[in-house]
Structures are given as structure tokens and as C-alpha cells.
Amino acid sequence: MERPVFLLAPMDGMTRASFRSVCFDYGADGATTEMIQSLAYGRAKKRMSATFEEVLVRYDNERNLAAQLIGSVPEMMAESARRLEALERFDAIDINMGCPARKVVGSGNGAALLCEPEKAIRVMEAVKSATALPVRLKLRLGWDGAHITAPELILAAQELGFQSVTLHGRTRAQRYSGEVDLQTMRRIIAQARIPVYANGGVTNAKDAIAFLNATGAAGVAIGRAALKQPWIFDDIARLRRGEPAPQRQAPERVTLLLRLGKLACGHRPERVAMFEMRKFCGWLLPGLTGAQEVLRRLNQVVTLEAYRALLEGYLDGLIKAGDLSLHASLMPEQTLDTV
Ligand SMILES: Cc1cc2nc3c(=O)[nH]c(=O)nc-3n(C[C@H](O)[C@H](O)[C@H](O)COP(=O)(O)O)c2cc1C
């Protein structure tokens, strides 16, 4: 891919095909599925569980899409990679070595592999030799400030012929908050001979460009900020052309939520999809007049039809009142931590 690229970072429970598809509409250069548990997927019977089916959906407008595996048993990672390749649906396979959740690291997976480089490399070798698809790695700087193992693992990925690496500029000890270590990222990225995408802490388009420049990365992967501003990819493109990023008003927000709701129903039960839309509405509507009342009524909505009626009626009311802009006084603070 031409550089620089701006990618949607994987987020468990969030970055399913429906949400990714909306981000692609706004110009994301690539995305990764949420993590797939290789221990379960590698052993799954022919008829896959509904959860796997949902995670593995790909919509037509998705490009440069990697499926992400998590696990530490090389055979299961390899078998999962073979199964994913057989679906003929993904452009690459990504290995998760960043997840900090206690339950995940407690079983030796995700960020736990940062502490065991030899084991991590066996996992990487197993996946690479199991598939002809390009393989990518997503990792953190290390377990904590005293154990920065990313350079060693990135070197191994490079030697194994991995396609790229996404580097979250925090340690496992930092979880999802605290300063991203720009200096260490820059040093690691300068040494790498494969593309490294910088990740962590971007809050808006300006930030994403500053992060790119500060780290010298081949691109930036954006997580939480995209949930609240799926248009961030379009904002970035505009800023890079020297145009200002527009304020996203009611018609754009509501149309986006209608599209997302419809897409979500395409690959999970309507009731589940509608439940999920409460979160997205809670991120995208505040700042508009009457948003709180819509969010309250949304709690009763379980069908796409009712969802449509509610949002379309809401937008019609705003149009009639000529009240389409965001009001600063009604806007919540944009922080990443509230996801
Ligand atoms: C709710 C949530 C779920 C996540 N799930 C995954 C995942 O499945 N795989 C993964 O590699 N990273 C996952 N991450 C980490 C993100 O990809 C990203 O590295 C992290 O959020 C930092 O980027 P950000 O500051 O842009 O959000 C998750 C993060 C969040 C907040």
C-alpha cells in the first residue's frame, strides 16, 4: 500500500463488518477483525458457532482486511490460519500480542507473549508456515517499562517475512491509558525494515497526522476515536489536502446511524443489533437538541423498523425546526476512556 495509510484498529465487540463498512465509506485504508480465539476456532466443528459466523462476515466495500487470531498454542494458531485462508475472504492474517486483559494474559495469550519472546516467535513461525496469506503482527512496546521486547519481536517478524506490524505505543502495564511513548516508538520504527503502523491515543484527525509525523510510521491505526468519529478517516484526508475538517451535523450523524443499524442487522439478530446501536447513538447524538429523549426511547427499541421510525422522526423534527447543528453546551467531553 502507498504510504501513509490510516487504518481502523481491531476492537473486540465493536469492529464487526457493519462498523468497519461505515469506516471504509469514510475512507479507511484497511481494517482488522476483532480477535478470534484460536483455541476455539482451530477446533470448531464444521458448523461454526454464531459468534464466529458474525466475526467472520466481510462486506463488499471492505478492502485490505485482516482477520486477527489470538492464542499461544502454535498448532491451534496454524490450524486457525489454515481455516481462515480457506474462507477466501481475508487479505491477511494478524496475530494479537497486545491484549492486556487479565483473563487473556492469565492463559498465556495476547500481551503475555511479550514476556516470552521464544514462545511468541514459535507462534509467529507456525502461522507464517501454515498460510500463503500475508501475515501481520499487532503488539505493544513490552510488558512494562523495564521489559521493552517489541524490537526483538519486530525483528523476528521481519525475518519471517511478515507483511507489517502495528505497534501500540504503550506497555501492558499501562493498559489503555497513560502517555504513549513517542520516543521509543520512533526509535523502534526507524530500525524496522517492514511497514510499522503506529497506534495508541489518537483523539482526532489532527492528532493522527501529528502522531504519524512524530513516530515516522508508515501509517496510523485508530481505535476508540473512530467509534465516536467514524468520519475521522475523511477528516484526515481533508486535512492532508489542506482543507478544514467539517463539523458533522444532524443529517450526517442520523443517516450514518440508520445505515449502521441496517448493516448490523445483516449479520446478527435484530434484537442484538438494536441493543448495540444504543452505544453508537450514545456516542454520535449528544450535542444535538433532544438527543437525550431519543436515547431514552431507544432503550425500548428492539426492531429495525422501530429504530428507523424513531431516528427518521427525530431528524424530520430537527429539519422542521431548522436545528441541525451541534450545540457545544450539550456535548460531552471527547475522551477515549469512556468506551
Ligand atoms: C473495547 C476494545 C476492544 C479491543 N479489542 C482488541 C482486539 O480484539 N484486538 C486487538 O489487537 N486490539 C484490541 N483493542 C486494542 C485496540 O486495537 C488499540 O490497540 C487500543 O485501543 C489503542 O488504540 P486507540 O487509543 O486508538 O484506541 C481493543 C481496544 C478496545 C478499547
| query | What per residue convex hull volume, in Å³, do the alpha-carbon atoms of region 161-279 yield? | reply | 157 Å³
| note | A convex hull over the alpha carbons of region 112-154 yields, per residue, a volume in Å³ of 63 Å³
| remark: Given backbone amide H placed at 1.01 Å from N, residues whose amide H is under 5 Å from that of SER164, ignoring those fewer than 5 places away on the same chain, are LEU137
| Using a simple charge model, +1 on the beta-carbon of Lys and Arg, -1 on the beta-carbon of Asp and Glu, nothing else, what dipole does the chain show about its Cα centre, in debye to the nearest 20? | 400 debye
| request: Set Lys and Arg Cβ to +1 and Asp and Glu Cβ to -1, take the dipole of the chain about its Cα centre, and tell me which of ASN64, LEU304, VAL165 lies farthest positive. | output: LEU304
| query | Over region 5-240, how many percent of alpha carbon pairs lie in each 10 Å bin up to the one with the longest distance? | reply | 8, 35, 39, 16, 1
| message | Apply the Karplus curve 6.51 cos²θ - 1.76 cosθ + 1.60, θ = phi - 60°, to the phi angles in region 107-114 and return the couplings in whole Hz, x for Gly and Pro. | response | 9, x, 9, x, 5, 4, 5, 5
| message | If the only charges are +1 at each Lys and Arg Cβ and -1 at each Asp and Glu Cβ, what is the size of the charge dipole of region 190-268 around the Cα centre, to the nearest 20 debye? | response | 220 debye
| the chain: angle of helix 150-159 to the longest principal axis, Cα-based, in degrees nearest 10 | 70 degrees
| field | Estimated 222 nm signal from helices in the chain, with DSSP H stretches of n ≥ 4 weighted -39500 (n - 2.57), rounded to 500 | value | -13500 deg cm²/dmol
| query | Quick one: if the Förster radius is 25 Å, what FRET efficiency do ALA50 and LEU295 give, using the C-beta to C-beta distance and rounding to 0.05? | reply | 0.35
| field | Dimensionless Rg ratio for region 66-195, taking C-alpha atoms and the 2.2 N^0.38 Å reference | value | 0.99
| field | In region 43-131, trypsin sites (Lys or Arg not before Pro) in a DSSP loop with at most 14 other beta-carbon atoms within 10 Å | value | ARG43, LYS45, LYS46, ARG47, ARG63, ARG89
| GluC sites (Glu not before Pro) within region 132-211: which are DSSP loop residues with at most 10 other Cβ atoms inside 10 Å? | GLU179
| field | Nearest 10 degrees, 0 to 90: helix 74-86 Cα axis against the chain principal axis | value | 50 degrees
| said: Quick check: the angle from helix 117-130's long axis to the longest principal axis of the chain, C-alpha only, nearest 10 degrees? | reply: 80 degrees
| Once the convex hull of the C-alpha atoms of region 250-321 is built, how many Å³ does it hold per residue, rounded to a whole number? | 68 Å³
| task | Could you point to the residue in VAL272, TRP283, LEU256 farthest towards the positive end of region 250-321's charge dipole, with +1 and -1 charges on the Cβ of Lys/Arg and Asp/Glu respectively? | result | VAL272
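Every number here is computed from the coordinates shown, using simple stated rules; none is lab data. What you see is a predicted model, and the numbers here were worked out from it, not measured in a lab. Note that each Cβ is placed from the backbone with ideal geometry, even for glycine, and that neighbours are counted across all protein chains shown.
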